1. Could you provide, to the nearest whole Å², the per residue accessible area of the range 37-156 with probe 1.4 Å?
2. Out of (1) 118; (2) 130; (3) 191, which label holds the value of volume of the Cα convex hull per residue in Å³ that was computed here?
3. Give the percent of DSSP beta bridges with both residues in the chain that are antiparallel, rounded to the nearest 5.
4. To make sure I understand the rule: partners must be lysines, Cα under 19 Å from the Cα of Lys48, and not fewer than 8 residues away in the same chain. Which ones qualify?
5. Excluding residues fewer than 8 places away in the same chain, name every one of the aspartates and glutamates whose C-alpha is closer than 14 Å to that of Lys171.
6. Mind putting a number on the dipole of the range 115-223 about its Cα centre? Charges go on the C-beta only, +1 for Lys and Arg and -1 for Asp and Glu, and I need it in Debye to the nearest 20.
7. Over the chain, what percent of the accessible surface lies on carbon and sulfur atoms, probe 1.4 Å?
8. Among Ser31, Phe117, Ala173, whose Cα lies farthest out toward the positive end of the dipole of the chain, if unit charges sit on the beta carbon of Lys, Arg (+1) and Asp, Glu (-1)?
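The values are calculated or read from the model by the stated rules, or taken from the named source; none is laboratory data. Because the structure is a prediction, the values reported are computed rather than measured. Quick reminder, even Gly has a Cβ in these numbers, built from the backbone with ideal geometry, and neighbours come from all protein chains shown. For accessibility, only protein heavy atoms count, side chains too; no ligands or nucleic acids. Shrake-Rupley method; radii C 1.70, N 1.55, O 1.52, S 1.80 Å.
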Amino acid sequence: MTSLVPVLCGLLFLAAVAVEVTDADWERETSGKVVLVKFYTTDCSHCKTLQPHWERLTAHWHSEGRFRDETKLVEVNCDKGAGTGRLCSQHGKAGFPTIKWGNPNDLDDVSIPRRAFEELKNFTDENLKPLCGIDRPGACDEKQAAMLARIQGLDDAELKRKISAAEEKIKAALADFDKGEKKLQANYRRDTEKHGGKGNVPEGKLRAMRSDFEFHHSEIRRKKEKAVYEVKESGLRLAMAVLSDREKKRAMKDEF
(Lines give C-alpha, C1' and ligand atoms only; values in the text may rest on other atoms or scores of the structure.)
Protein backbone atom coordinates (compact mmCIF):
# COMPACT_ATOMS: atom_id res chain seq x y z
CA MET A 1 0.00 0.00 0.00
CA THR A 2 2.81 2.43 0.84
CA SER A 3 4.09 2.16 -2.73
CA LEU A 4 0.82 3.73 -3.91
CA VAL A 5 1.35 6.95 -1.94
CA PRO A 6 3.58 8.73 -4.51
CA VAL A 7 1.18 7.71 -7.28
CA LEU A 8 -1.86 8.99 -5.40
CA CYS A 9 -0.10 12.26 -4.58
CA GLY A 10 0.80 12.68 -8.22
CA LEU A 11 -2.80 12.07 -9.24
CA LEU A 12 -3.97 14.69 -6.77
CA PHE A 13 -1.61 17.27 -8.27
CA LEU A 14 -2.69 16.36 -11.78
CA ALA A 15 -6.32 16.75 -10.70
CA ALA A 16 -5.68 20.32 -9.52
CA VAL A 17 -7.70 22.69 -11.63
CA ALA A 18 -7.99 26.43 -11.98
CA VAL A 19 -11.10 27.95 -10.43
CA GLU A 20 -13.86 28.47 -13.00
CA VAL A 21 -15.46 31.89 -12.66
CA THR A 22 -18.42 33.73 -14.16
CA ASP A 23 -19.50 37.37 -14.37
CA ALA A 24 -21.35 36.96 -11.08
CA ASP A 25 -18.46 35.67 -8.97
CA TRP A 26 -15.48 37.26 -10.76
CA GLU A 27 -15.01 40.02 -8.21
CA ARG A 28 -15.41 37.71 -5.22
CA GLU A 29 -12.93 35.15 -6.59
CA THR A 30 -10.28 37.57 -7.86
CA SER A 31 -10.45 40.70 -5.68
CA GLY A 32 -7.08 41.59 -4.21
CA LYS A 33 -5.29 38.89 -6.22
CA VAL A 34 -2.82 38.86 -9.07
CA VAL A 35 -4.46 36.45 -11.49
CA LEU A 36 -3.70 34.31 -14.52
CA VAL A 37 -6.89 33.79 -16.55
CA LYS A 38 -7.70 31.46 -19.41
CA PHE A 39 -10.70 32.39 -21.59
CA TYR A 40 -11.82 29.42 -23.70
CA THR A 41 -14.63 27.60 -25.50
CA THR A 42 -15.20 23.85 -25.43
CA ASP A 43 -15.26 23.37 -29.21
CA CYS A 44 -12.13 25.42 -29.97
CA SER A 45 -9.33 23.23 -31.42
CA HIS A 46 -6.56 25.52 -30.11
CA CYS A 47 -8.21 25.40 -26.67
CA LYS A 48 -8.03 21.60 -26.74
CA THR A 49 -4.35 21.77 -27.72
CA LEU A 50 -3.65 24.12 -24.81
CA GLN A 51 -5.56 22.09 -22.21
CA PRO A 52 -2.88 19.52 -21.19
CA HIS A 53 -0.30 22.31 -20.84
CA TRP A 54 -2.76 24.36 -18.77
CA GLU A 55 -3.47 21.38 -16.51
CA ARG A 56 0.27 20.81 -15.96
CA LEU A 57 0.70 24.52 -15.19
CA THR A 58 -2.16 24.44 -12.67
CA ALA A 59 -0.72 21.36 -10.97
CA HIS A 60 2.72 22.99 -10.84
CA TRP A 61 1.36 26.20 -9.34
CA HIS A 62 -0.66 24.38 -6.70
CA SER A 63 2.31 22.19 -5.77
CA GLU A 64 4.66 25.20 -5.53
CA GLY A 65 2.30 27.17 -3.31
CA ARG A 66 4.05 30.49 -4.09
CA PHE A 67 2.16 33.61 -3.00
CA ARG A 68 -0.88 31.43 -2.31
CA ASP A 69 -2.85 34.27 -0.69
CA GLU A 70 -1.91 36.89 -3.28
CA THR A 71 -2.28 34.98 -6.57
CA LYS A 72 -4.81 32.78 -8.31
CA LEU A 73 -5.27 30.78 -11.52
CA VAL A 74 -8.80 31.02 -12.92
CA GLU A 75 -10.59 30.16 -16.14
CA VAL A 76 -13.69 31.45 -17.92
CA ASN A 77 -15.84 29.18 -20.11
CA CYS A 78 -17.15 31.44 -22.86
CA ASP A 79 -19.74 28.86 -23.95
CA LYS A 80 -21.91 29.87 -20.98
CA GLY A 81 -23.60 32.75 -22.79
CA ALA A 82 -25.01 35.34 -20.46
CA GLY A 83 -23.19 33.81 -17.48
CA THR A 84 -19.80 34.87 -18.82
CA GLY A 85 -20.84 37.30 -21.54
CA ARG A 86 -19.34 40.42 -19.99
CA LEU A 87 -15.95 38.87 -19.27
CA CYS A 88 -15.68 37.10 -22.62
CA SER A 89 -16.73 40.09 -24.73
CA GLN A 90 -14.25 42.26 -22.85
CA HIS A 91 -11.27 39.90 -22.93
CA GLY A 92 -11.86 37.26 -25.64
CA LYS A 93 -12.12 39.53 -28.67
CA ALA A 94 -8.79 38.33 -30.10
CA GLY A 95 -10.07 34.74 -30.27
CA PHE A 96 -9.78 31.67 -28.10
CA PRO A 97 -7.98 30.61 -26.09
CA THR A 98 -6.95 33.96 -24.64
CA ILE A 99 -4.66 34.04 -21.60
CA LYS A 100 -4.33 37.21 -19.55
CA TRP A 101 -2.75 38.13 -16.25
CA GLY A 102 -2.33 40.87 -13.66
CA ASN A 103 -4.70 43.02 -11.65
CA PRO A 104 -8.28 41.73 -12.25
CA ASN A 105 -9.36 45.27 -13.18
CA ASP A 106 -6.47 45.83 -15.60
CA LEU A 107 -5.50 42.56 -17.27
CA ASP A 108 -2.60 42.27 -19.72
CA ASP A 109 -2.07 39.70 -22.47
CA VAL A 110 0.35 36.86 -21.79
CA SER A 111 2.72 37.56 -24.66
CA ILE A 112 4.91 34.49 -25.18
CA PRO A 113 5.91 32.77 -28.46
CA ARG A 114 4.47 29.38 -27.47
CA ARG A 115 1.77 28.30 -25.02
CA ALA A 116 3.47 25.07 -24.03
CA PHE A 117 3.94 24.13 -20.37
CA GLU A 118 7.57 25.27 -20.04
CA GLU A 119 6.86 28.70 -21.52
CA LEU A 120 3.75 29.14 -19.37
CA LYS A 121 5.63 27.94 -16.29
CA ASN A 122 8.52 30.36 -16.89
CA PHE A 123 6.07 33.22 -17.38
CA THR A 124 4.09 32.52 -14.21
CA ASP A 125 7.21 31.89 -12.12
CA GLU A 126 8.53 35.30 -13.15
CA ASN A 127 5.34 37.37 -13.14
CA LEU A 128 2.65 35.87 -10.90
CA LYS A 129 3.48 37.67 -7.66
CA PRO A 130 2.36 40.78 -5.75
CA LEU A 131 2.56 43.83 -8.02
CA CYS A 132 3.86 47.29 -7.23
CA GLY A 133 1.07 49.71 -6.37
CA ILE A 134 -0.13 52.29 -3.90
CA ASP A 135 -1.63 49.48 -1.81
CA ARG A 136 1.56 47.37 -2.06
CA PRO A 137 4.55 49.74 -1.97
CA GLY A 138 6.64 46.92 -0.55
CA ALA A 139 6.33 45.07 -3.88
CA CYS A 140 7.96 47.98 -5.77
CA ASP A 141 11.58 47.76 -6.83
CA GLU A 142 13.80 50.85 -6.59
CA LYS A 143 12.83 52.17 -10.04
CA GLN A 144 9.11 51.58 -9.47
CA ALA A 145 9.23 53.21 -6.02
CA ALA A 146 10.83 56.32 -7.52
CA MET A 147 8.19 56.43 -10.27
CA LEU A 148 5.38 56.05 -7.74
CA ALA A 149 6.80 58.91 -5.64
CA ARG A 150 6.99 61.18 -8.72
CA ILE A 151 3.42 60.35 -9.74
CA GLN A 152 2.08 60.94 -6.23
CA GLY A 153 3.70 64.39 -6.38
CA LEU A 154 1.59 65.39 -9.40
CA ASP A 155 -1.67 67.29 -9.01
CA ASP A 156 -4.89 65.96 -10.55
CA ALA A 157 -4.61 68.03 -13.72
CA GLU A 158 -1.06 66.78 -14.36
CA LEU A 159 -2.14 63.21 -13.66
CA LYS A 160 -4.99 63.46 -16.14
CA ARG A 161 -2.69 64.88 -18.82
CA LYS A 162 -0.23 62.04 -18.26
CA ILE A 163 -3.01 59.46 -18.46
CA SER A 164 -4.46 61.03 -21.63
CA ALA A 165 -1.07 61.06 -23.38
CA ALA A 166 -0.44 57.42 -22.48
CA GLU A 167 -3.90 56.37 -23.68
CA GLU A 168 -3.18 58.01 -27.05
CA LYS A 169 -0.06 55.85 -27.37
CA ILE A 170 -2.16 52.76 -26.70
CA LYS A 171 -4.70 53.84 -29.32
CA ALA A 172 -1.87 54.22 -31.83
CA ALA A 173 -0.59 50.70 -31.05
CA LEU A 174 -4.09 49.27 -31.50
CA ALA A 175 -4.52 51.18 -34.77
CA ASP A 176 -1.20 49.79 -36.07
CA PHE A 177 -2.37 46.29 -35.21
CA ASP A 178 -5.71 46.78 -36.99
CA LYS A 179 -3.91 48.12 -40.05
CA GLY A 180 -1.50 45.16 -40.08
CA GLU A 181 -4.34 42.67 -39.61
CA LYS A 182 -6.34 44.12 -42.49
CA LYS A 183 -3.24 43.97 -44.72
CA LEU A 184 -2.72 40.29 -43.86
CA GLN A 185 -6.36 39.52 -44.59
CA ALA A 186 -6.19 41.38 -47.92
CA ASN A 187 -3.04 39.49 -48.93
CA TYR A 188 -4.68 36.18 -48.01
CA ARG A 189 -7.75 36.99 -50.10
CA ARG A 190 -5.56 38.10 -53.01
CA ASP A 191 -3.60 34.83 -52.93
CA THR A 192 -6.75 32.71 -52.87
CA GLU A 193 -8.29 34.70 -55.71
CA LYS A 194 -5.25 33.91 -57.86
CA HIS A 195 -6.48 30.31 -57.80
CA GLY A 196 -10.09 31.27 -58.46
CA GLY A 197 -11.20 31.08 -54.81
CA LYS A 198 -10.23 29.20 -51.65
CA GLY A 199 -11.92 26.01 -52.84
CA ASN A 200 -9.52 25.80 -55.78
CA VAL A 201 -6.28 26.27 -53.84
CA PRO A 202 -4.26 23.01 -53.66
CA GLU A 203 -4.42 21.55 -50.15
CA GLY A 204 -0.68 21.83 -49.50
CA LYS A 205 -0.60 25.42 -50.73
CA LEU A 206 -3.63 26.31 -48.59
CA ARG A 207 -1.99 24.87 -45.45
CA ALA A 208 1.15 26.89 -46.17
CA MET A 209 -0.90 30.06 -46.68
CA ARG A 210 -2.76 29.55 -43.42
CA SER A 211 0.47 28.83 -41.55
CA ASP A 212 2.06 31.97 -42.97
CA PHE A 213 -1.00 34.04 -42.02
CA GLU A 214 -1.02 32.68 -38.46
CA PHE A 215 2.71 33.30 -38.03
CA HIS A 216 2.57 36.93 -39.14
CA HIS A 217 -0.68 37.57 -37.25
CA SER A 218 0.97 36.24 -34.10
CA GLU A 219 3.95 38.54 -34.68
CA ILE A 220 1.91 41.73 -35.06
CA ARG A 221 -0.27 40.73 -32.09
CA ARG A 222 2.79 40.29 -29.86
CA LYS A 223 4.13 43.64 -31.07
CA LYS A 224 0.83 45.29 -30.07
CA GLU A 225 0.77 43.53 -26.69
CA LYS A 226 4.36 44.55 -25.95
CA ALA A 227 3.65 48.18 -26.87
CA VAL A 228 0.53 48.35 -24.68
CA TYR A 229 2.28 46.70 -21.73
CA GLU A 230 5.26 49.07 -21.94
CA VAL A 231 2.98 52.12 -21.93
CA LYS A 232 1.16 50.83 -18.86
CA GLU A 233 4.41 50.04 -17.06
CA SER A 234 5.95 53.42 -17.93
CA GLY A 235 3.52 55.14 -15.55
CA LEU A 236 -0.04 54.80 -16.84
CA ARG A 237 -0.98 52.01 -14.46
CA LEU A 238 0.33 53.83 -11.37
CA ALA A 239 -1.09 57.19 -12.49
CA MET A 240 -4.58 55.72 -12.88
CA ALA A 241 -4.31 54.00 -9.49
CA VAL A 242 -3.21 57.20 -7.74
CA LEU A 243 -5.99 59.26 -9.37
CA SER A 244 -8.61 56.61 -8.55
CA ASP A 245 -7.43 56.46 -4.93
CA ARG A 246 -7.72 60.23 -4.59
CA GLU A 247 -11.22 60.24 -6.07
CA LYS A 248 -12.36 57.46 -3.72
CA LYS A 249 -10.99 59.31 -0.70
CA ARG A 250 -12.73 62.54 -1.77
CA ALA A 251 -16.00 60.67 -2.26
CA MET A 252 -15.74 59.10 1.21
CA LYS A 253 -14.99 62.50 2.73
CA ASP A 254 -18.01 64.05 1.01
CA GLU A 255 -20.26 61.35 2.50
CA PHE A 256 -19.49 62.66 5.94
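1. Per residue, the range 37-156 has 52 Å² of solvent-accessible surface.
2. For volume of the Cα convex hull per residue in Å³, the calculated option is (3).
3. Here the antiparallel bridges make up roughly 55 percent for the chain.
4. Those lysines meeting the cut-off are Lys38, Lys80, Lys93, Lys100, Lys121.
5. Cα-Cα hits under 14 Å: Glu225, Glu230.
6. Charge dipole, the range 115-223, about its Cα centre: 580 debye, nearest 20.
7. Reported share for carbon and sulfur atoms: 53 percent.
8. The one lying farthest along the dipole's positive direction is Ala173.
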